[in-house]
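The values are calculated or read from the model by the stated rules, or taken from the named source; none is laboratory data. Keep in mind it's a predicted model, so treat the numbers as computed, not measured. Cβ coordinates were reconstructed from backbone atoms using ideal geometry, including for glycine residues, and neighbour counts include every protein chain displayed. For the accessible areas, the whole protein counts, side chains as well, though only heavy atoms, and no ligand, DNA or RNA atoms are used. Shrake-Rupley method; radii C 1.70, N 1.55, O 1.52, S 1.80 Å.
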Amino acid sequence: MATGIPLLTDLTTLAASSQLTPARSQMAFTLGFHIILACLGVAFPAMMLIANYLGLRRNDADAMELARRWSKVTAVTFAVGAVTGTVLSFEFGLLWPEFTGRFGSVFGILFAIEGIFFFLEAIFIAIYIFGWKRLSGWAHFWTGVPVVIAGLGGAFSVVAANAWMNQPQGFTLGADGTVTDVEPLKVIFNPAVPYEVPHMILAAYLVTGFLVASVYAVGMLRGRRDRHHRLGLLIPLTVAAIATPIQFVVGDTATRAIADDQPVKFAAMECVQTTHRDVTEYLGGICTSDGVEGAIPIPGLNSFLVDYSTDTQVIGLDSVPPRDRPPANTLLHLAFDAMVGICVLLIGLGAWLGLAWWRRRDIPRSRWFLRATAVSGVASIVALECGWIVTEVGRQPWVVYEIMRTEDAVTGASGVWFTFSAALALYAALGVATVLILRTMARRWRAEGVGEADVPYGPGAPAPPPATPPADGGSR
Amino acid sequence: MSTPDAVAGVLWLCATLYAVFGGADFGAGFWALFAGSGERGERARALVDWAIGPVWEANHVWLIFVLVVLWTAFSVAFSAIMSTLFIPLSLAVLGIVLRGSGFAFHKMARRLRNRQLAERIFGLSSLLTPFFMGTVVGAIASGRVPVGNAAGDAVTSWLNVPSLLTGALFVGTGAYLSAVFLVSDARRAGDPDLERYFSARALGAGLVTGAIALAGILVYRADARFIYDGLTGEGLPLVIVSAACGLGVLALLWRGELRGTRPLAVGAVAAVIWGWAAAQYPYLLPQTLEIEDGAAAEGTLTAVLIVFGIAVVMVLPALGFLYALAQRSMLDGEAEAASALPPAAGD
Ligand code: HDD
Ligand code: HEM
Ligand code: HEM
């Protein structure tokens with residue numbers, strides 16, 4: 001509505017812009033928190049099923065035990081993921097009413113699809129946890145498969161929505177800027193989907209893989225070197241080691257696509273100030289208006305990466321006026337380098353495992369291998385967050401690329417500083433509580449094995465009902 | 001019926017499901033909060049845990065559907081509501097986070113003090129969340145949410161008598177529904193003492209909620225005549241159905257008869273929600289935005305209907321499978337299998 005009258009828009013923008021900084025910070029923070037749990041929600045069920053499969057196939061009690069424990073951990077992270085995800089749904093309205101008000105009818109379809117997947121995921125994870133005692137081995141295994149599929153579907157839907165923000169299409173704008181026509185299939189299968197979605201799904205698998213492996217690596221470093229720990233390290237680490245090199249290829253594809261489709265984002269993350277040929281690639285450093293300082297230069301490589309020839313022209317930041325350029329170029333540049341660098345190191349870790357396995361059918365003996373694995377979990381999370389910084393901050397100043405500015409999307413309500421502070425405090429407590437609970441669970445398992453452990457939901461969760469003799473004799 | 005009307009119907013259906021399932025969930029938290037610390041209170045809390053444990057999350061997925069259908073099909077209304085009612089909605093979100101994590105963590109906390117803290121957080125947020133959601137609905141119904149980005153008053157839009165009463169009505173309705181469900185759960189758990197305990201509470205909550213509803217109608221008469229006219233006009237049959245169902249439940253409970261109480265209680269809540277729908281039709285935001293005008297482009301609406309159809313086809317059998325599985329092992333007589341039964345979902 002307000003978008004119809006230019007003068008009014010300017011006025012509301014002025015009034016609204018005071019909310020812009022906290023709104024962005026809150027969005028970034030809550031998304032960055034949720035994505036870690038989302039990764040676990042997408043990929044942990046798959047690891048759990050692999051363990052379950054091995055357990056059934058080889059009659060392996062250790063593998064079964066792992067599957068059982070992992071299903072309980074999934075229940076906890078899923079609950080926290082659901083809570084933080086609900087917050088995000090509200091934020092689309094609370095923080096960005098103009099964005100959702102104008103384009104909700106376009107990208108919203110993807111979230112409607114996501115709703116189905118999450119519902120299915122919630123139902124089947126409940127069935128799976130519940131089924132441990134009540135379904136026969138393979139029947140039980142198969143009830144876990146929909147969880148994995150629903151996780152992939154959910155990730156597809158959400159990331160496709162984000163891909164649409166990067167490469168919007170499939171709608172027509174009327175003269176007053178409102179959406180008059182929508183083609184859902186074009187929205188769903190927008191041009192950024194082919195690289196963003198696989199990249200995110202692989203990220204989920206490799207983050208979960210390294211994270212879980214790192215927990216068992218710490219255990220082994222503390223001397224718990226039994227078969228249980230070795231298997232707990234080996235299964236997730238193998239998955240991650242397979243995902244990482246593929247991730248490298250997909251990431252490389254993404255980079256090339258960005259150079260084509262969102263050249264300004266590419267220029268900002270590589271700090272290319274002017275459009276030219278034979279562009280130097282800089283590793284690290286600080287981005288200034290005269291180029292990168294304090295970096296390792298590799299002449300021509302940047303052009304080569306964009307199109308396999310040092311003669312390739314790379315579009316620079318000067319191709320658009322300053323107000324259309326992304327902020328924080330140094331951050332973007334370093335985030336991109338960190339993501340790529342960590343990917344390379346993680347590939348190395350996977351190769352180390354592969355080599356040892358090929359030669360001796362065993363994990364590497366060196367303590368350094370365990371130490372490296374122990375930090376790989378945190379490292380992969382850093383890569384994950386860096387990737388999102390590249391995507392989201394690199395898209396600025398647009399919320400919908402080249403169509404709607406973030407400053408025009410923000411709420412006119414005041415008080416976002418307040419909600420942002422509350423979110424910081426609340427999520428800090430939530431994060432600490434989650435970690436503490438998981439540690440308590442692990443300790444309890446170590447002491448007494450997995451019983452019908454108390455997980456927050458899903459059948460089999462609650463304490464036994466007061467079914468048998470309710471102590472009502474006295475109260476009568 | 002036009003496509004926008006059909007999608008509005010879907011939205012209303014999701015809202016009804018959320019009011020019933022989510023509402024009963026909140027109500028269960030309400031009773032847990034006021035159960036006190038005695039032995040009986042402990043048992044009441046254990047029953048609540050048992051009843052909502054398996055379903056508390058699935059129940060709240062309906063809220064996600066409400067939000068998503070609203071922002072996809074009626075984006076203009078969504079944007080208006082979310083920006084004007086920023087404060088009560090933020091408080092509701094806070095409640096959702098605290099509630100979810102409080103519930104998720106209370107059973108795993110080892111130390112008693114931590115567990116009690118988690119329980120207290122869970123109970124309090126079960127009270128506050130539906131209250132603030134009610135004020136939001138009251139603000140919308142009484143026509144205080146104009147179209148635009150934070151175009152309405154940030155405070156007086158929801159801090160007024162009709163909105164506050166609607167908030168109280170939400171809390172009361174949830175408490176009432178869940179007490180009715182818990183009576184049956186107590187019987188299934190074989191605890192006649194708790195059965196009486198929750199029967200008394202269901203009766204009390206029913207009477208209080210009925211009184212709030214009547215007061216609400218009078219307040220709307222003075223404040224938002226449009227809704228009052230609707231409720232006593234097009235919506236009247238449904239309001240009467242709702243009152244009849246509600247009285248039926250009270251009569252049955254009074255006689256200690258449980259069969260039929262749950263469907264009737266659900267009927268009472270559903271009828272009043274659809275009565276409200278009839279009252280404010282054809283408006284989405286009463287007297288400022290009609291369903292037709294607020295609706296998205298045809299392509300989007302069709303897509304929403306298709307997705308809804310797929311959801312029905314895919315989710316319902318899966319849910320049925322979960323419940324059936326739970327029922328079966330219940331019959332096998334496994335003690336802890338009983339915990340799988342989702343009574344709060346009105347099986
Ligand atoms: C664990 C994680 C991880 C690892 C090892 C990598 N990435 Fe990544 N990257 C992500 C996790 C990630 C991500 C967080 O998942 C992002 C954010 C949005 C997306 O789709 O994926 C992402 C985005 C992202 C983007 C921006 C896409 C956009 O703006 O639409 C580019 C250009 C790359 N990545 C490139 C790479 C390259 C060249 C890598 C390796 C050599 C690499 N990534 C490894
Ligand atoms: C979960 C991983 C994600 C992370 C960590 C992330 C990170 C961020 C960051 C850092 C910003 C702030 C950018 C700035 O203002 O400079 C942001 C903004 C935003 N993101 Fe994402 N994002 C994620 C996924 C998504 C997805 C899947 C969507 C939607 C479909 C989305 C929608 C938005 C919106 C609407 C904004 C606000 C407008 C803007 O600043 O462009 N994000 N996000
Ligand atoms: C790349 C980004 C994202 C991925 C891969 C992702 C994935 C997931 C997954 C797997 C879950 C299930 C809970 C769990 O397993 O932890 C979940 C929950 C949820 N997510 Fe996200 N999410 C992402 C971003 C978002 C965004 C931007 C939104 C905002 C609309 C969102 C909304 C939700 C909601 C509402 C839930 C709760 C569903 C339930 O109650 O079952 N997610 N997310």
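Of all the residues in the stretch A:16-41, those that are open to solvent by 20 Å² or more (accessible area, probe 1.4 Å), within 13 Å of ligand 3 (Cβ to nearest atom) and either over 22 Å from residue A:432 (Cα atoms) or not hydrophobic (A, V, I, L, M, F, W, C) (or both) number 1.
Number of residues in the stretch A:88-99 that are near ligand 3 (Cβ under 10 Å from one of its atoms) and either open to solvent by 10 Å² or more (accessible area, probe 1.4 Å) or among the hydroxyl-bearing types (Ser, Thr, Tyr) (or both): the value is 3. Flag set for residue A:414, criterion: over 30 Å from residue A:225 (Cβ atoms), away from ligand 2 (no atom under 14 Å from the Cβ) and open to solvent by 30 Å² or more (accessible area, probe 1.4 Å). Which residues, taken from the stretch A:201-229, are open to solvent by 20 Å² or more (accessible area, probe 1.4 Å) and hydrophobic (A, V, I, L, M, F, W, C)? Within the stretch A:201-229, A:201, A:202, A:211, A:215, A:218, A:221 meet the criteria. Selection of the stretch A:102-133 for residues being touching a residue at least 24 places away in the same chain (Cβ under 8 Å), within 13 Å of ligand 3 (Cβ to nearest atom), farther than 30 Å from residue A:410 by Cα and hydrophobic (A, V, I, L, M, F, W, C) yields A:120, A:122, A:124, A:125, A:126. Any residue at all in the stretch B:12-28 that is in contact with a Lys or Arg (Cβ under 7 Å, 6 or more places away or on another chain), under 15 Å from residue B:130 (Cα atoms), among the hydrophobic types (A, V, I, L, M, F, W, C) and open to solvent by 10 Å² or more (accessible area, probe 1.4 Å)? No: the stretch B:12-28 contains no residue that is in contact with a Lys or Arg (Cβ under 7 Å, 6 or more places away or on another chain), under 15 Å from residue B:130 (Cα atoms), among the hydrophobic types (A, V, I, L, M, F, W, C) and open to solvent by 10 Å² or more (accessible area, probe 1.4 Å). Test residue B:103 against the stated conditions and say whether it is open to solvent by less than 30 Å² (accessible area, probe 1.4 Å), at the interface with another protein chain (Cβ under 7 Å from one of its Cβ atoms), more than 15 Å from residue B:178 (Cβ to Cβ) and in contact (Cβ under 8 Å) with a residue 40 or more places away in the chain. In short, no.
Each residue in the stretch B:294-308 was checked for being closer than 29 Å to residue B:170 by Cα and surrounded by fewer than 19 Cβ atoms within 10 Å (Cβ to Cβ), and 1 pass.
When the stretch A:406-421 is limited to residues that are without any contact (Cβ under 8 Å) to a residue 24 or more places away in the chain and not hydrophobic (A, V, I, L, M, F, W, C), the one that is farthest from the other protein chains (Cβ to nearest Cβ) turns out to be A:421. For the stretch A:28-62, a residue qualifies if it is touching a Phe, Trp or Tyr at 6+ places or on another chain (Cβ under 8 Å), small (Gly, Ala, Ser) and more than 16 Å from ligand 2 (Cβ to nearest atom), and the qualifying residues are A:46, A:51. When the stretch B:190-207 is filtered for residues that are at pLDDT below 85 and buried (at least 24 other Cβ atoms within 10 Å of the Cβ), only B:191 remains. Of all residues in the stretch A:175-190, one or more are within 16 Å of ligand 3 (Cβ to nearest atom), surrounded by 22 or more Cβ atoms within 10 Å (Cβ to Cβ) and touching a residue at least 60 places away in the same chain (Cβ under 8 Å). Applying a threshold of 7 Å to beta carbon distances and a minimum spacing of six or more residues, or different chains, the list of pairs starting in the stretch A:429-446 at a residue that is in contact (Cβ under 8 Å) with a residue 40 or more places away in the chain and more than 9 Å from chain B (Cβ to nearest Cβ) and ending at one that is open to solvent by less than 90 Å² (accessible area, probe 1.4 Å) and among the basic types (Lys, Arg) reads A:445/A:69. Within the stretch A:65-87, residues that are away from ligand 2 (no atom under 16 Å from the Cβ) sit with their Cβ atoms under 8 Å from residues that are among the polar types (S, T, N, Q) and open to solvent by 10 Å² or more (accessible area, probe 1.4 Å), at 6+ positions apart or across chains, in these pairs: A:76/A:434; A:79/B:101. Scanning the stretch A:356-400 for residues that are hydrophobic (A, V, I, L, M, F, W, C), open to solvent by 30 Å² or more (accessible area, probe 1.4 Å) and over 20 Å from residue A:220 (Cα atoms) returns A:358, A:381, A:382, A:388, A:389, A:393, A:398. For residue A:326, the conditions (1) surrounded by 15 or more Cβ atoms within 10 Å (Cβ to Cβ); (2) more than 24 Å from residue A:406 (Cβ to Cβ); (3) within 16 Å of ligand 1 (Cβ to nearest atom) all hold with the exception of (2). Per the conditions (1) more than 9 Å from every other protein chain (Cβ to nearest Cβ); (2) open to solvent by less than 30 Å² (accessible area, probe 1.4 Å), the sole criterion not satisfied by residue B:262 is (2).
Every condition in (1) free of Cβ contacts under 8 Å to residues at least 12 places away in the same chain; (2) closer than 21 Å to residue A:390 by Cβ; (3) among the acidic types (Asp, Glu) holds for residue A:261 except the one numbered (1). Across the stretch A:134-157, the number of residues qualifying as open to solvent by 20 Å² or more (accessible area, probe 1.4 Å) and without any contact (Cβ under 8 Å) to a residue 60 or more places away in the chain comes to 8. Can you spot a residue in the stretch B:320-331 that is modelled with pLDDT of 85 or more, under 23 Å from the mean Cα position of the chain (by Cα) and facing chain A (nearest Cβ under 10 Å)? No, there is no match, as no residue in the stretch B:320-331 is modelled with pLDDT of 85 or more, under 23 Å from the mean Cα position of the chain (by Cα) and facing chain A (nearest Cβ under 10 Å). Scan the stretch B:155-180 for residues that are within 14 Å of chain A (Cβ to nearest Cβ) and either among the small types (Gly, Ala, Ser) or open to solvent by less than 20 Å² (accessible area, probe 1.4 Å) (or both) and the total you get is 1.
Against the test of being within 16 Å of ligand 2 (Cβ to nearest atom) and crowded, with 21+ Cβ neighbours inside 10 Å, the options A:239, A:264 yield a single qualifying residue, A:264.
Of all the residues in the stretch A:110-122, those that are more than 16 Å from residue B:14 (Cα to Cα), more than 11 Å from ligand 2 (Cβ to nearest atom) and buried (at least 24 other Cβ atoms within 10 Å of the Cβ) number 2.
Annotation: residue B:35 fulfils all but one of (1) in a helix (DSSP H, G or I); (2) in contact with a helix residue (DSSP H, G or I) (Cβ under 6 Å, 6 or more places away or on another chain); the unmet one is (1). Name the residue, out of B:196, B:188, that is within 11 Å of chain A (Cβ to nearest Cβ) and either without any contact (Cβ under 8 Å) to a residue 12 or more places away in the chain or within 18 Å of the chain's Cα centre (by Cα) (or both). So the residue among B:196, B:188 that is within 11 Å of chain A (Cβ to nearest Cβ) and either without any contact (Cβ under 8 Å) to a residue 12 or more places away in the chain or within 18 Å of the chain's Cα centre (by Cα) (or both) is B:196. Here is the figure for the stretch B:225-259: residues that are among the polar types (S, T, N, Q) and surrounded by fewer than 20 Cβ atoms within 10 Å (Cβ to Cβ) total 1.
Restricting attention to the stretch A:148-169, the residues that are within 14 Å of chain B (Cβ to nearest Cβ) and away from ligand 1 (no atom under 12 Å from the Cβ) total 6.
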